[in-house]
1. Does at least one position in segment 121-131 carry a residue that is surrounded by 22 or more Cβ atoms within 10 Å (Cβ to Cβ), assigned to a loop (DSSP other than H, G, I, E, B) and not basic (Lys, Arg)?
2. Take the conditions without any contact (Cβ under 8 Å) to a residue 24 or more places away in the chain and of a type in the set (S, T, N, Q) and apply them to Thr213. Does it pass?
3. Filter segment 288-313 for residues that are out of contact with any Cys (no Cβ under 8 Å at 6 or more places or on another chain), in a loop (DSSP other than H, G, I, E, B) and of a type outside the set (A, V, I, L, M) and give the result.
4. Kindly indicate which of Asp137, Asp141 is acidic (Asp, Glu), touching a helix residue (DSSP H, G or I) at 6+ places or on another chain (Cβ under 7 Å), crowded, with 20+ Cβ neighbours inside 10 Å and modelled with pLDDT of 95 or more.
5. Answer with yes or no whether Gly119 is modelled with pLDDT of 95 or more, at positive phi and in contact with a Leu (Cβ under 9 Å, 6 or more places away or on another chain).
6. Only one of these is within 12 Å of the ligand (Cβ to nearest atom), farther than 18 Å from Asp168 by Cα and out of contact with any Cys (no Cβ under 9 Å at 6 or more places or on another chain): Ala101, Ala76, Ala80, Ala139. Name it.
7. Between Ala148, Ala155, which is free of Cβ contacts under 8 Å to residues at least 24 places away in the same chain and out of contact with any helix residue (DSSP H, G or I) (no Cβ under 8 Å at 6 or more places or on another chain)?
8. Considering segment 20-44 alone, what residues qualify as being within 16 Å of the ligand (Cβ to nearest atom) and more than 21 Å from Thr71 (Cα to Cα)?
Amino acid sequence: MKVLSVVGARPQFVKLAPVARAFAGTGHQHVIVHTGQHYDAVMSDVFFEDLQIPAPDVHLGVGSGSHGVQTGAILAAMDAVLDEHRPDWVLVYGDTNSTLAGTLSAVKLHLPVAHLEAGLRSFNRRMPEEHNRVLTDHAADLLLAPTAVAVDHLAAEGLAERTVLVGDVMTDVLFTVRDAVAGRAPELPGGVSPAEPYLLATIHRAENTDDETRLRAVVEQLSGLPMPVVLLAHPRLVARAATLGLELRTGSLHPTAPLPYPAMVAAAAASAGVVTDSGGLQKEAFLLRVPCTTLRTETEWVETVELGWNVLRGDLTGVAEAVTRPRPADTDAAPYGTGDAARQVVAALEARLGA
Ligand code: UD1
């Protein structure tokens with residue numbers, strides 16, 4: 001079996017790591033295509049190095065652009081790649097512009113598409129990721145769902161027959177890296193002591209960064225929190241803040257460059273709490289049993305909220321109370337699987353080959 005993975009953005013490299021490892025133990029051929037959506041070393045190369053992902057076989061180098069420009073550039077470049085490789089499966093990940101473009105190119109060439117992390121829904125049609133995941137799910141031939149809730153969403157949209165519950169591959173990689181960095185001191189920016197409680201924050205969603213009033217309100221909230229806030233500043237946030245003349249180094253806020261994955265996991269594990277709008281980090285916080293406060297009005301990872309480890313503060317009220325709330329009740333619940341999702345992905349691709 002020949003499988004061609006299409007990745008391009010930071011969270012996709014994390015998801016690719018356990019999948020590439022699972023393929024390495026088989027006789028299957030795994031081709032990696034990097035679209036180039038993310039290109040800074042801290043957004044791309046360090047993930048391949050730290051997570052021991054094989055170098056991409058193909059690099060499209062599309063870079064940044066508006067949604068149409070970026071998606072279109074990937075789409076235009078993919079035809080030749082798929083024509084050359086003619087894989088048995090095109091495997092797409094998550095909900096970025098790279099996901100949608102990879103899917104469209106494959107279905108137009110009548111190549112079977114499998115969507116990893118299928119069935120997640122925010123039901124917020126203003127999110128670019130929501131369009132990407134809905135369109136991808138409806139175009140794909142095999143829907144690899146991470147959770148029972150995702151399976152239900154797909155069934156509600158008439159897609160049950162194409163759906164397989166495999167668990168969440170981010171759990172696989174998180175558990176591996178968590179164990180590898182156990183006991184490692186977090187790398188914190190100057191002025192933040194690991195001996196004192198601190199919060200780990202990330203903000204990068206369009207809904208929080210694109211509107212000036214909203215972004216200023218988010219920064220004001222974070223800067224007023226009652227303990228140091230280590231802000232891992234995504235390039236989108238840095239670019240927006242610079243354009244607006246908005247100072248990120250203010251009050252409790254300690255902005256610093258995005259961290260490589262192992263350092264990020266170590267920093268999250270040692271923190272008093274996480275404040276984020278990232279989907280992956282909400283779940284990583286839960287898996288590390290670190291309380292999370294999410295600056296969005298909804299989440300795709302509803303289990304984190306239902307189990308008490310995540311609270312939504314999309315309206316930005318009561319954020320200080322949320323980050324200092326008592327620790328939630330311990331739980332053995334494993335809604336994201338037990339860390340063997342990548343193996344199940346390979347098994348599902350084998351089972352449905354030619355089906
Ligand atoms: C993308 C995904 C989002 C995902 C996120 C993870 C889409 C629609 N969004 O958002 O779902 O959660 O990746 O990080 O696909 N930039 C750099 N260097 C880079 C990459 C980006 O400077 O290596 C800057 C550029 O100014 C660029 C901006 O960040 O315009 C946004 O990058 P883009 O890939 O368009 O979207 P993300 O916000 O990263």
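1. no
2. Values: without any contact (Cβ under 8 Å) to a residue 24 or more places away in the chain: yes; of a type in the set (S, T, N, Q): yes.
In short, yes.
3. Applying the first criterion (out of contact with any Cys (no Cβ under 8 Å at 6 or more places or on another chain)) to segment 288-313 yields 288-303, 305-308, 312-313.
Next, only the ones that are in a loop (DSSP other than H, G, I, E, B) stay: 289-291, 295-301, 307-308, 313.
Result: Arg289, Pro291, Arg296, Thr297, Glu298, Thr299, Glu300, Trp301, Gly308, Arg313.
4. Working: Asp141 fails: crowded, with 20+ Cβ neighbours inside 10 Å.
Every option except Asp137 fails the conditions.
5. Numbers: modelled with pLDDT of 95 or more: yes; at positive phi: yes; in contact with a Leu (Cβ under 9 Å, 6 or more places away or on another chain): yes.
When the stated conditions are applied, Gly119 passes them.
6. On the way: Ala76 fails: within 12 Å of the ligand (Cβ to nearest atom); Ala80 fails: within 12 Å of the ligand (Cβ to nearest atom); Ala139 fails: within 12 Å of the ligand (Cβ to nearest atom).
None of the other options fit; the residue is Ala101.
7. Ala155
8. Keep residues of segment 20-44 that are within 16 Å of the ligand (Cβ to nearest atom), which gives 33-44.
Selection gives Ala41, Val42.
The values are calculated or read from the model by the stated rules, or taken from the named source; none is laboratory data. These numbers come from a predicted model, not from an experiment. In this analysis, Cβ positions are derived from the backbone assuming ideal geometry, glycine residues included, and neighbour counts consider all displayed protein chains.
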